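The structure under discussion appears below in the form of structure tokens.
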Amino acid sequence: MKQLMLKKGKEDKYLRGYPLVEKDDVFDMPKMDEGELVALVDAGKRFIATAYYGEQNKGIGWVLSLDSTEKIDHNFFVKLFEEAKNDRAYYENVDGINAYRLFNAEGDGIGGLTIDHYDGHLLVQWYSVGIYRLKDRILPAIKEVFDYKSIFEKRRFKGMETASDFVAGEAPEFPYVIEENHMFYNINLDDGPMTGIFLDQKDVRKKLRDHYSQDKDILNLFSYTGAFSVAASENARSTTSVDLANRARPLTEANFGLNTMDLNQNHIFIMDVFDYFKYALRHGLSYDVVVIDPPSFARNKKKTFSVQKNYPELIEGALEVLNENGNLVLSTNSSAFPQKAFKKMINQTLDHLGVDYTISDVMGLPKDFKSHPHYKPSKYLKVVFVQING
Ligand code: SAH
């Protein structure tokens, strides 16, 4: 096994459990192949950890073990998958939910690999060429540990478009219907980078539905397949979903249909959100709750959008169409926007506008998206519920 020597003093952070191998910590980079196992050693060549080499957006690989005698073989992966499976056992016993994350990358011990369970249809996602090169060791362990009807994969490599493939079992027909908290959503595991639902928002959808929607008019911005609107529609007076992409309309209509929701109370606009603010003002439309869950970056004909730069404009726009004593649900999944900075941005924006408000709930990832205790960015989802007073 090749050795990767750490700079003097850098070994402590890895000994304490930091899982991401960072280029800046390494003294000298020998020539390595993606997927190659390497031994991290300190300046005195003392063993620190076994890692695999894999270039991702962040880092050059992930620590797999701090035990020099542990082999990274079939049994290693079986053991981690079994632990992850036991950890998710509670979902098997919860009524009305059959889609959740089975294995969450570094949170479960293997950075760069996730496995989602969609009613027995598994989606394996590989986030670097390196982890993908370990597929021959990992896939048999997945098949051994998890019950499955079918397995699909997505390869999400740095600088390349996401590619999807059927891997094993019996492929279902898509769209396939999954259940979440007694509501139904279409998914497709074989169509582009997204599946139709973001499983990491399941607790937020439930919170919105059960605590913020009763007899309310809800505006859902960046609505994609309308999942927030569908959840809210159970209790809301009306929902309005806004997304720029044409595909959003049929996908959203289908999700309302699955839940027998009336499209007369559940509106869909294919429009840029900033244009929609103007449209709503022109037409005297206003809302009790505005949900904002944008992509981290987006580019359209007119401009580029980034959550770190443009979130205040979204809040400002939302306030203009918000009824008295309304609520904002502000979400971001950008790991480049830590919770502290996100909250600060919200406070500064609202203070600057002279708004009286209370933060009523702050949510993060659900427990199936297990995070790593020594790696903060793994808690990437931040959702802040704001109550506007007056
Ligand atoms: N909130 C969604 C996920 C959003 S995914 C959910 O919970 O499922 C991001 C969506 O933003 C995509 O569907 C994309 O089409 C849309 N989008 C990107 N830029 C936009 C813009 N300027 N106006 C409206 N929608 C936009």
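The values are calculated or read from the model by the stated rules, or taken from the named source; none is laboratory data. Not measured: the values here are computed from a predicted model. Note that we place each Cβ from the backbone using ideal geometry, even for glycine, and neighbour counts take in every protein chain shown. Note: areas computed on protein heavy atoms with side chains; ligands, DNA, RNA excluded. Shrake-Rupley method; radii C 1.70, N 1.55, O 1.52, S 1.80 Å.
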Largest-first ellipsoid semi-axes for the stretch 1-145, taking √(5λ) over the Cα gyration tensor eigenvalues, angstrom: 30, 15, 13
Quick one: the Cα spread of the stretch 38-100 along its three principal axes, in angstroms, biggest first? 54, 29, 17
Compute the FRET efficiency between Thr260 and Glu313 as 1/(1 + (r/R0)^6), taking r as their Cβ-Cβ distance and R0 = 35 Å, and round to the nearest 0.05. 0.45
Surpassing 30 Å at the alpha-carbon level, of the pairs Lys10/Lys370; Lys2/Lys149; Lys143/Lys382, are Lys2/Lys149; Lys143/Lys382
Excluding ligands, DNA and RNA, what is the solvent-accessible area per residue of the stretch 118-180 at a probe of 1.4 Å, expressed in Å²? 47 Å²
Which values of log₁₀ I(q)/I(0), to two decimal places, follow from the Debye formula for the stretch 131-244 at q = 0.14, 0.19, 0.22, 0.23 Å⁻¹ with a uniform point scatterer at every Cα? -0.73, -1.05, -1.21, -1.27
Carbon and sulfur atoms account, in whole percent of the 1.4 Å probe accessible area of the stretch 317-390, for 48 percent
Within straight-line cross-link reach of Lys278, lysines at Cα separation under 23 Å, skipping those fewer than 8 residues along the same chain: Lys216, Lys301, Lys302, Lys303, Lys309
For the stretch 56-131, report the % of Cα-Cα distances exceeding 18 Å. 45 percent
Counting only heavy atoms of protein chains, what accessible area per residue, in Å², does the stretch 302-390 have with a probe of 1.4 Å? 48 Å²
Using a 1.4 angstrom probe on heavy atoms only, work out the carbon and sulfur share of the accessible area of the stretch 120-275 in %. 47 percent
On alpha carbon coordinates alone, what is the Rg over Rh value for the chain, Rh being the Kirkwood radius? 1.00
Calculate log10 I(q)/I(0) of the stretch 234-390 for q = 0.14, 0.17, 0.18 Å⁻¹, where I(q) comes from the Debye formula with a single equal point scatterer on each Cα and nothing for solvent. -0.81, -1.18, -1.29
Could you list the square roots of 5 times each eigenvalue of the Cα gyration tensor of the stretch 288-359, that is, the equivalent ellipsoid semi-axes, sorted largest first and rounded to whole Å? 21, 15, 11
antiparallel share of DSSP beta bridges within the chain, to nearest 5, in %, is 65 percent
Project the alpha carbons of the stretch 205-323 onto their principal axes and report the range along each, largest first, in whole Å. 37, 30, 27
From the Cα gyration tensor of the stretch 1-72, with a ≥ b ≥ c the square roots of its eigenvalues, which class applies: rounded if a/c is under 1.5, or else prolate if a/b is larger than b/c, or else oblate? rounded
For the chain: relative contact order, % (alpha-carbon pairs under 8 angstrom, 6 or more apart): 11 percent
Quick check on packing: order 129-138, 163-172 by the mean number of other C-beta atoms within 10 Å, highest mean leading. 129-138, 163-172
Residues whose modelled amide H sits under 5 Å from the amide H of Phe184, counting only those 5 or more places away in sequence or on another chain, are none
Just the number, please: carbon plus sulfur as a percent of the accessible area of the stretch 1-82, 1.4 Å probe, no ligands or DNA/RNA counted. 48 percent
Overall dimensions of the stretch 317-385 by Cα: Rg and Dmax, Å: 13.7, 42
Once both labels are modelled 7 Å past Cα along the beta-carbon direction, what's the Ser306-Leu285 spacing in nm? 3.1 nm
1.4 Å probe accessible area per residue over the stretch 11-112, in Å²: 45 Å²
